[in-house]
């Protein structure tokens, strides 16, 4: 019986599923016939004309995969980690992540944010990206842009929008060398950007043991800290949040930001210290940033 890997059907999701299959085959000496990739169609893929926050949030990418996992149609689910809800569904665990790729943004349509024309129209479905752009360029207008990578690139190519932002990791996984990299100092990424996560059934000891062989622990540690920041903030899909944890020697360096939707206010801070101390320090940072925030910014969070 083959090991069943569940995934969405977009080109990027399939690329990530194949990466996971290759890692499992290499770790366990499996052949092509030992793994099977199962495409699960999600609500997020079917509804393309509205922002996720308006129609159910990140669960639209995960609920059908979770259901397939719980009823045994698949053995694992493969996800872009930034699309995974902060609190997992009962019975679902997140035991493994592949090595993290480039966390940076790629700007399509201009050489730099400062190089965007005056009053440029930028397509993005991300409240974080919209707020970060407007914080630097208040003249910019944003509109909701969803769809797969090819769809978004076509919108720029056709002139329907002036520019868009895409994760560098996704473009790399698709073998696409386009756009201009934006430094993290200019745009801190979304929590878990660049990471591929693997979900499994809680208590499925055989599968969990197989996944342990392909887990990249530094990625898992950093992404869980970033997810902890989101949880401490009480953020939703409406809440513009950026976060990045990275190991620096034996310590973790964490940076976090929260934004007003129009970019008019930014609260930010960081922490450097041992991994064991990081969860408490990051929760304290989240509380401090909310405490410093004005009423409009604080109102975007539920904590």
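Here 293, 280 are screened, and the one residue that is over 22 Å from the mean Cα position of the chain (by Cα) and exposed (fewer than 15 other Cβ atoms within 10 Å of the Cβ) is 280. The set of residues from region 271-296 being more than 18 Å from residue 255 (Cα to Cα) and part of a helix (DSSP H, G or I) comprises 295, 296.
Can we say residue 207 is modelled with pLDDT of 95 or more, touching a helix residue (DSSP H, G or I) at 6+ places or on another chain (Cβ under 7 Å) and not assigned by TED's automatic domain parsing to the domain that holds residue 291? Judged against the criteria, residue 207 is not a match.
Conditions tested, residue by residue: (1) buried (at least 21 other Cβ atoms within 10 Å of the Cβ); (2) within 16 Å of the chain's Cα centre (by Cα).
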position	(1), (2)
173	yes, yes
188	yes, yes
193	yes, yes
209	no, no
259	yes, no
272	no, no
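Test residue 84 against the criterion of being crowded, with 21+ Cβ neighbours inside 10 Å, under 27 Å from residue 218 (Cα atoms) and at pLDDT below 95, and give yes or no. For residue 84, the condition - crowded, with 21+ Cβ neighbours inside 10 Å, under 27 Å from residue 218 (Cα atoms) and at pLDDT below 95 - is met.
Scanning region 5-25 for residues that are in contact (Cβ under 8 Å) with a residue 40 or more places away in the chain and either assigned to a helix (DSSP H, G or I) or out of contact with any helix residue (DSSP H, G or I) (no Cβ under 9 Å at 6 or more places or on another chain) (or both) yields 11, 12, 13, 15, 16, 17, 19, 20, 23, 24.
Of the helices (runs of 4 or more DSSP H) lying entirely inside region 53-158, those containing at least 2 residues that are under 14 Å from the mean Cα position of the chain (by Cα) and not assigned by TED's automatic domain parsing to the domain that holds residue 18 span 127-136. Close contacts from region 275-293, counting a first residue that is in the same structural domain as residue 241 (by TED's automatic domain parsing) and on the phi > 0 side of the Ramachandran plot and a second that is surrounded by 13 or more Cβ atoms within 10 Å (Cβ to Cβ) and part of a helix (DSSP H, G or I), with Cβ to Cβ under 6 Å and a gap of 6+ residues or different chains, come to none at all. Condition first: in contact (Cβ under 8 Å) with a residue 12 or more places away in the chain and loosely packed, with under 15 Cβ neighbours inside 10 Å. Now tell me which residues in region 211-230 satisfy that. Passing the criteria: 212, 213.
Looking at 190, 169, can you tell me which residue is part of a loop (DSSP other than H, G, I, E, B), touching a residue at least 12 places away in the same chain (Cβ under 8 Å) and closer than 27 Å to residue 143 by Cβ?
Criteria check complete, one pass: 190.
Where residues in region 256-270 are in a loop (DSSP other than H, G, I, E, B) and touching a residue at least 60 places away in the same chain (Cβ under 8 Å), which of them is nearest to residue 290 (Cα to Cα)? Step by step, filter region 256-270, then rank; the result is 260.
The values are calculated or read from the model by the stated rules, or taken from the named source; none is laboratory data. Computed from a predicted structure; not experimentally measured. Cβ sites come from the backbone with ideal geometry, for glycine too, and all protein chains shown count toward neighbours.
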